[in-house]
Every structure is written in structure tokens, then in C-alpha cells.
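The values are calculated or read from the model by the stated rules, or taken from the named source; none is laboratory data. Since the model is a prediction, treat every value here as computed from it, not as a measurement. Every residue, glycine as well, gets a Cβ built from its backbone with ideal geometry; the counts of neighbours run over all protein chains shown. Only protein heavy atoms, including side chains, enter the accessible area calculation; ligands, DNA and RNA are left aside. Shrake-Rupley method; radii C 1.70, N 1.55, O 1.52, S 1.80 Å.
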Amino acid sequence: MKRTVPLFISAITGFVLIGTAFIPKFVDWGNDAMAWFNLLAAFAFILGGGNLLKMQLQKISAQQPGWGYAAVTLIAFFVTLFVGLVKVGVHPNVKFPEFAWSGDYLQEDGAFWWLFEYIFTPLSATMFALLAFYISSAAFRAFRAKNTEATILLIIAVIILLGRTYASVWLTGWLPDEFILGDSGIKYSDFNLQNLSEVIMENFTTAGMRAIKIGIALGVASTSLKVLLGVDRSYLGSDQEV
Amino acid sequence: MKQSTLIWTILMVAGGGFLLFQASKGNGRVYVREIPVEATASQPDSEPQVYQWTKNQQVPQSEKDDPGVSFSLSRTVGLWVAAFCTLAIFSFLYGDNPLYKFTEAIFVGVSAGYAMVVAFWTEIATNLFAKLLPGLARITFYPDIDSTTRPELLYLIPLVLSILLLWRLSPKGSWIARWPLAFFIGATAGIRLISYLETDFIGQLQSTVMPFLVFASDGSLLWDKSLKNTVFIVGVLSCMVYFFFSIEHEGIIKYVSRLGIWVLMVTFGASFAYTVMGRIALLSGRLVFLFNDWLGI
């Protein structure tokens with residue numbers, strides 16, 4: 001019951017969805033399964049919120065170090081949830097003004113929009129922007145041209161970084177637009193950083209990415225089959241679960 | 001007082017003084033143009049009533065004296081809150097500190113709440129509530145639902161599965177959450193298996209099948225195109241040989257896989273450069289916000 005039923009559910013769902021690509025009769029079932037999938041994904045966010053609530057409340061009740069920040073998290077969580085679900089400050093839809101809750105939840109000047117615009121967006125953008133410093137400092141410490149592979153990576157990274165910015169014009173913009181050897185078709189300007197970065201991106205990087213994509217596709221297909229056939233059951237967790 | 005503390009205190013005082021100076025010049029304020037909105041009741045059976053409210057449109061500070069333009073307190077407070085949040089996160093560069101931890105806690109709470117609200121309005125309300133109770137949905141959130149729409153009882157299945165999923169939070173019987181999880185995993189496996197094989201396997205292989213030698217219509221060899229195709233095919237094949245671990249990488253395979261590693265290093269170098277550029281673009285965006293939108297410099 002604890003392990004067999006889930007195996008059947010995953011196998012039936014997976015094979016029905018695979019069948020939609022081959023059997024027209026399965027298409028409607030596949031569409032229903034997709035709609036349910038999206039709904040479950042939405043409920044997974046609620047599960048995540050519930051889990052956050054549980055963890056933060058445990059922290060507060062045990063008065064663990066930093067429990068005050070857990071309280072701040074909870075306040076921010078509940079305020080966002082309340083203003084978003086109740087649509088605080090949202091005007092009704094112009095087509096249906098008598099229905100107070102018919103407006104868009106992210107409507108401009110609503111309280112939820114305010115939180116999104118002035119708290120969520122700056123915080124998420126700054127968090128990722130902060131990584132610019134750490135990624136640069138990590139690269140400075142870790143990147144050493146110790147062997148051929150590391151040297152290639154370093155050179156290519158520098159060419160792409162410079163080639164995609166105005167620095168390429170400063171550094172190599174002076175290369176003349178003249179043929180190197182008579183009418184060979186190769187010009188000096190072909191070797192400026194901007195052109196070099198384009199050649200690298202078009203040929204070598206695309207080739208590498210293509211091989212990686214093919215590898216990923218084969219990996220995903222084999223893992224999916226292992227899950228559907230019940231060979232891989234790791235997602236069911238342990239038998240000790242209550 | 002430690003030297004570093006003294007330096008930071010001086011910097012903070014100077015920064016605060018600069019902020020006050022900028023604020024006294026009228027910077028860091030947001031102005032809006034009020035646009036009146038008028039709407040009449042849509043339902044034929046409801047009383048003919050006109051509803052009025054105003055919509056705000058942000059305008060540049062240069063238009064603050066125009067007619068219909070007024071100071072917006074909520075947006076101005078928002079601007080200062082956004083600037084405070086940005087600076088508080090940047091303060092982590094100096095080291096972990098209470099200001100950073102405070103804004104980080106806010107970020108976690110707001111993000112979780114935001115994700116839940118979006119999930120509720122885009123999926124649960126639209127595709128579950130409106131499908132199971134169309135009559136109630138019509139008189140509350142979605143007045144455009146047809147009054148003859150009947151409930152789709154099939155949606156009771158995802159509702160039950162969702163409740164079982166939330167059971168995971170219960171101290172006992174959390175194993176029941178494996179059922180919806182199994183549906184989730186099965187659906188993901190089914191969707192991914194086909195889509196990845198179709199687009200990333202067959203599609204990419206198809207795009208790689210191209211001629212080594214390319215000729216023009218007059219029969220002459222297009223050497224640059226030919227070289228490009230050859231580099232491309234050899235690059236893809238050598239990378240795939242490197243990924244092929246079922247055979248020993250010895251002899252010719254060793255050299256081909258080594259070439260594959262080099263092509264992969266080129267790819268990773270370019271990816272790294274793009275990641276750095278993306279982060280720097282975000283950083284410059286935040287700096288533009290601080291200096292331009294907030295301080296008005």
C-alpha cells in the first residue's frame with residue numbers, strides 16, 4: 001500500500017503522457033493530466049509555505065539563536081499572503097465594477113504590487129547582483145593556467161567577456177579592414193575581439209552545448225524510464241516513514 | 001575606537017549627510033498623474049450605477065508642476081524602502097551583519113508569500129475553484145464565467161491529490177503524500193521523456209547532420225562554410241566520445257576525447273563569461289536605481 005500504489009500511479013501517469021505522442025485517443029487524458037500536474041505544482045508552493053511556517057515556528061518556540069529573524073520572516077510571509085489573497089488596494093475590473101474582487105491581483109498601486117515592486121524585485125535583483133563580486137573573486141582565486149584545459153577556459157572567458165563589451169573596440173578596434181594575404185578572404189579585422197567572440201560562440205560553444213544537450217536528453221530519458229518501470233524508487237523515501 | 005570602525009562611522013555619517021542633502025533638493029520623491037476611471041455596472045439585472053476611482057501613472061520629476069500631477073507618498077516610501085533593501089543586501093560585502101540578516105529574513109518571507117499568492121491566483125483559483133464551483137467563482141473573482149457553465153467534477157481528483165500532498169505536514173500518516181508525489185514524478189517523467197528526446201536528442205542530431213564539404217552553385221568549394229561545418233561536426237562528435245564511458249579511453253579514443261574536453265572547456269569558458277556578464281548587468285541595474293532613480297544624480 002505504501003510503496004506499490006505510488007509505483008502504479010507514477011507508471012500509469014507517465015505512460016499515458018508518453019502515449020499522447022503516439023495515440024490520438026490519449027491526447028485528452030494527457031491534457032487532463034497536465035492540468036492536474038499544474039494544480040499539484042501550485043499546491044506544492046502551499047506545502048513549501050507550510051513547511052517554512054513549521055520550521056520558523058519551531059525556531060521561535062525553541063528560542064534558537066536568530067529566532068528574531070524567524071519572526072521577521074513570518075511577519076513578512078503573512079503580510080504578503082494577506083495582501084495578495086485579499087487583493088488589498090486593488091480596484092475592480094473596469095468591465096465588472098460591481099465585483100470588488102474582479103481586479104488583477106498584481107494591479108498597479110495595489111498593496112501586493114507595492115511589495116513586489118519595492119521589496120521583492122530590489123531584494124532578488126540585489127541578491128543576484130551580489131554574486132557578481134563573489135563570482136569575480138572566486139574566479140580570481142581559482143583560475144590559474146595550470147594545464148591546457150584551464151588555459152583554454154581562461155582565454156575563452158576573457159575573449160568573450162571583452163568581446164561582448166565596449167572594451168573590444170578600445171583594445172582591437174584599430175585592426176585594419178584589409179586582407180592579410182592578398183585576396184585570401186581573411187582580414188585583420190576578423191581577429192578583433194568582437195569577431196573572435198562571435199566565431200567562438202557560433203562554432204565551438206554551440207558544438208559543445210549541442211553535445212551536452214544530447215547527453216542530458218539521453219540521461220533524462222533513461223532516468224524517466226527507470227522511474228516509470230519502478231527500477232528507481234528513491235523518490236518514495238524510506239520505509240521508516242510514519 | 002578601532003580604525004576600521006572609525007572609517008566606517010565617518011563613511012556612514014558622510015553618506016547620511018549626502019542623503020539628507022539630496023532629499024532637501026527634492027530628490028527621492030515620486031510623482032504621479034491621476035487618471036480618472038469611470039465604469040458602469042455590467043450585469044443586466046443590477047442597478048444602473050456608475051463606479052469611479054483614479055488610476056496613478058508615474059511621471060518624471062520634471063513634470064511635477066504639471067496640472068493633475070501630485071506627490072505619491074506610497075511610491076516615495078516604496079522607493080526609500082527599495083533603496084534601504086538594496087543597501088542592506090550590499091552591506092554583506094563588508095561581512096555578515098544584523099542589517100543583512102534582517103533584509104534576508106524579509107526576502108525569504110516575501111518570496112514564499114509571493115510564490116503562494118501567484119500559485120493561488122494563477123492555478124488554484126482559475127483552474128480548480130472556477131472549475132469545481134463556477135457559480136461561486138462567477139459572483140466573486142471571475143464574473144466573465146458563463147452562467148450556464150457546469151461544475152467539472154473530474155477536478156475533484158486533483159483536489160484530493162492536493163490535500164494528500166499537504167498531508168506531508170502532518171506528524172502522522174505523511175506517507176500518504178507519496179501518492180500525489182508519485183503522480184507528480186510520473187507526469188514529469190512522461191513529459192520530459194518525450195520532449196527531451198524530441199527536441200534535445202533527435203532535433204540536435206538532425207541539426208548536426210550537415211555536409212563536410214559545401215559547394216557553391218557554380219561547383220566551386222566554399223572553404224569557409226566547409227571548415228565551419230567540419231569544426232562543428234568534429235566538435236560535437238569528440239564531446240560525445242568523451243561522454244561515452246562504456247569504453248576505455250585509450251588509443252585513438254583518448255585523443256578524440258581529449259579534443260572533446262577542449263571543446264567543452266571552450267563552452268564552459270563562454271558560459272562563465274556570460275554568467276559574469278549577467279550578474280554585472282544586474283549590479284549595474286541596481287547602481288542605476290540607487291544613483292538615478294533614488295538619488296537623482
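Just one of A:E108, A:E117 is acidic (D, E), closer than 30 Å to A:V83 by Cβ and under 22 Å from the mean Cα position of the chain (by Cα); which is it? Step through it out loud before you land on a result.
Numbers: A:E108 fails: under 22 Å from the mean Cα position of the chain (by Cα).
So the residue among A:E108, A:E117 that is acidic (D, E), closer than 30 Å to A:V83 by Cβ and under 22 Å from the mean Cα position of the chain (by Cα) is A:E117.
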Tell me yes or no: at least one residue of segment A:103-115 is in contact (Cβ under 8 Å) with a residue 24 or more places away in the chain, facing chain B (nearest Cβ under 7 Å) and either in a loop (DSSP other than H, G, I, E, B) or open to solvent by 30 Å² or more (accessible area, probe 1.4 Å) (or both). yes
Does segment B:210-226 contain at least one residue that is β-branched (V, I, T) and over 30 Å from A:L161 (Cα atoms)? yes
Output the residues belonging to segment A:59-92 that are within 23 Å of B:S72 (Cα to Cα) and not in a helix (DSSP H, G or I). A:K87, A:V88, A:G89, A:V90, A:H91, A:P92
Mind listing just one residue for me: the one in segment B:136-175 that is assigned to a helix (DSSP H, G or I) and among the basic types (K, R) and, of those, least open to solvent (accessible area, probe 1.4 Å)? B:R138
Going through (1) closer than 30 Å to B:I89 by Cβ; (2) of a type in the set (G, A, S); (3) modelled with pLDDT under 90 one by one, B:G269 fails only at (3)
Which ones in segment B:269-279 are touching a helix residue (DSSP H, G or I) at 6+ places or on another chain (Cβ under 6 Å) and surrounded by fewer than 18 Cβ atoms within 10 Å (Cβ to Cβ)? none
For segment A:132-141, which positions are open to solvent by 80 Å² or more (accessible area, probe 1.4 Å) and either closer than 20 Å to B:S284 by Cα or within 7 Å of another protein chain (Cβ to nearest Cβ) (or both)? A:F133, A:Y134
Please state which one of A:W174, A:W170 is open to solvent by 60 Å² or more (accessible area, probe 1.4 Å) and part of a loop (DSSP other than H, G, I, E, B). A:W174
When you go through (1) more than 9 Å from chain B (Cβ to nearest Cβ); (2) touching a helix residue (DSSP H, G or I) at 6+ places or on another chain (Cβ under 7 Å); (3) touching a residue at least 24 places away in the same chain (Cβ under 8 Å) one by one for A:R144, which number turns out not to apply? (3)
I'd like to check something: does segment A:148-155 contain any residue that is open to solvent by 50 Å² or more (accessible area, probe 1.4 Å), within 27 Å of B:A281 (Cα to Cα) and over 36 Å from the mean Cα position of the chain (by Cα)? no
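Residues of segment A:74-86 being open to solvent by 20 Å² or more (accessible area, probe 1.4 Å) and either at the interface with another protein chain (Cβ under 9 Å from one of its Cβ atoms) or touching a Phe, Trp or Tyr at 6+ places or on another chain (Cβ under 7 Å) (or both), which ones? Even if it seems obvious, please write down each step before you answer.
Within segment A:74-86, the subset open to solvent by 20 Å² or more (accessible area, probe 1.4 Å) is A:75, A:78-79, A:81-82, A:85-86.
Listed by number, the residues that qualify are A:I75, A:F78, A:V79, A:L81, A:F82, A:L85.
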For segment B:186-196, how many residues are open to solvent by less than 50 Å² (accessible area, probe 1.4 Å) and touching a helix residue (DSSP H, G or I) at 6+ places or on another chain (Cβ under 7 Å)? 7
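On the basis of being outside any helix (DSSP H, G or I) and either open to solvent by less than 40 Å² (accessible area, probe 1.4 Å) or not assigned by TED's automatic domain parsing to the domain that holds A:T223 (or both), does A:Q56 make the cut? Write out each step before concluding.
Working: outside any helix (DSSP H, G or I): no; either open to solvent by less than 40 Å² (accessible area, probe 1.4 Å) or not assigned by TED's automatic domain parsing to the domain that holds A:T223 (or both): yes.
It is false that A:Q56 is outside any helix (DSSP H, G or I) and either open to solvent by less than 40 Å² (accessible area, probe 1.4 Å) or not assigned by TED's automatic domain parsing to the domain that holds A:T223 (or both).
For (1) in contact with a helix residue (DSSP H, G or I) (Cβ under 6 Å, 6 or more places away or on another chain); (2) without any contact (Cβ under 8 Å) to a residue 12 or more places away in the chain, each residue gets a yes or a no:
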position: A:L39; (1), (2): yes, yes
position: A:G50; (1), (2): yes, yes
position: A:L53; (1), (2): no, no
position: A:Q58; (1), (2): no, yes
position: A:Q63; (1), (2): no, yes
position: A:G66; (1), (2): no, yes
position: A:A70; (1), (2): yes, no
position: A:V79; (1), (2): no, no
position: A:V86; (1), (2): no, yes
Quick test of your reading of the structure: B:L259 fulfils all but one of (1) of a type outside the set (D, E); (2) in a helix (DSSP H, G or I); (3) without any contact (Cβ under 8 Å) to a residue 24 or more places away in the chain; (4) open to solvent by 50 Å² or more (accessible area, probe 1.4 Å). Name the failing condition by number. (3)
Hits in segment A:13-37 (condition: buried (at least 16 other Cβ atoms within 10 Å of the Cβ) and among the polar types (S, T, N, Q)): A:T13, A:T20
Return the residues of segment A:167-206 that are within 13 Å of chain B (Cβ to nearest Cβ), in contact (Cβ under 8 Å) with a residue 24 or more places away in the chain and among the β-branched types (V, I, T); say none if nothing qualifies. A:I200
How many residues are charged (D, E, K, R) and touching a Leu at 6+ places or on another chain (Cβ under 8 Å) if we restrict to segment B:123-161? 2
If we keep only residues of segment B:251-284 that are of a type outside the set (F, W, Y) and touching a Leu at 6+ places or on another chain (Cβ under 7 Å), then the residue farthest from A:L162 (Cα to Cα) is B:M265
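Every residue, every condition in (1) within 24 Å of the chain's Cα centre (by Cα); (2) open to solvent by less than 20 Å² (accessible area, probe 1.4 Å); (3) more than 7 Å from chain A (Cβ to nearest Cβ), yes or no:
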| site | (1), (2), (3) |
| --- | --- |
| B:A83 | yes, yes, yes |
| B:G95 | no, no, yes |
| B:K101 | yes, no, no |
| B:F107 | yes, no, no |
| B:E123 | yes, no, no |
May I ask you to verify whether B:V231 is surrounded by fewer than 18 Cβ atoms within 10 Å (Cβ to Cβ), at the interface with chain A (Cβ under 7 Å from one of its Cβ atoms) and at pLDDT 90 or above? yes
A:T165 is checked against (1) β-branched (V, I, T); (2) farther than 16 Å from B:V118 by Cβ; (3) part of a helix (DSSP H, G or I) and fails just one. What number does that condition carry? (3)
If I filter segment B:245-256 for residues that are buried (at least 18 other Cβ atoms within 10 Å of the Cβ) and under 30 Å from A:F140 (Cβ atoms), do I get at least one hit? no
